[in-house]
Amino acid sequence: MDWSLLGLSFSAVFLSELGDKSQIAAIALGSSSKFPQAVFLGTASALLLSSFLGVLIGHGTSQLLPPAMIKTIAATGFLIMGTRLIWLAVHSERTSSIVSPPTATLVLLNPSSSDGVAPSEEK
C-alpha cells in the first residue's frame, strides 16, 4: 500500500468536496431528515461509488492513452469549463438589467413558459 498516495488522494478529494454541491445537498437532506444516519449512508455510498467509477475509468484510460495525454485532456477540460463559467458571469452582468437572476431561474424551472416570462410576471 502506498500510504503517501492514499493520503494525497484523501486530501485532494476531501478539500475539493468541501462546499461542493454534494455537500450542500447532504446538508439540506440532513437538516430535514429524522434519520441523519440514512442520509450519511446514502451520501457516503454515492461518493464511494462515484470515486470507484472514476478510478476504474482512469485506470482503463491509462491502458489506452499515455499519462501525459490524459493530463492534457483533463487540463483542457478544466480550462474550457473555467472559461465558460467566467464568460457566463461576465455575460450575465451585461444582461442583468434585462433578465434578473430570479426570473431567469424561474424560467429555467418552468420550461412551459416559452415566451421567456416567468409565471409570477405573467399578466
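Each reported figure results from applying straightforward, stated rules to the coordinates on display, with no laboratory input. Please read all numbers here as calculations on a predicted model, not as lab measurements. Glycine also receives a Cβ, built like all others from the backbone with ideal geometry; neighbour counts cover every protein chain displayed.
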Förster-model FRET efficiency, 35 Å R0, Val90 and Met69, C-beta, rounded to 0.05: 0.65
Fraction of alpha-carbon pairs over 17 Å apart in the range 7-70 - percent: 54
What distance in nm separates the two pseudo spin-label positions at Asp20 and Ile80, each 7 Å out from Cα along the beta-carbon direction? 2.0
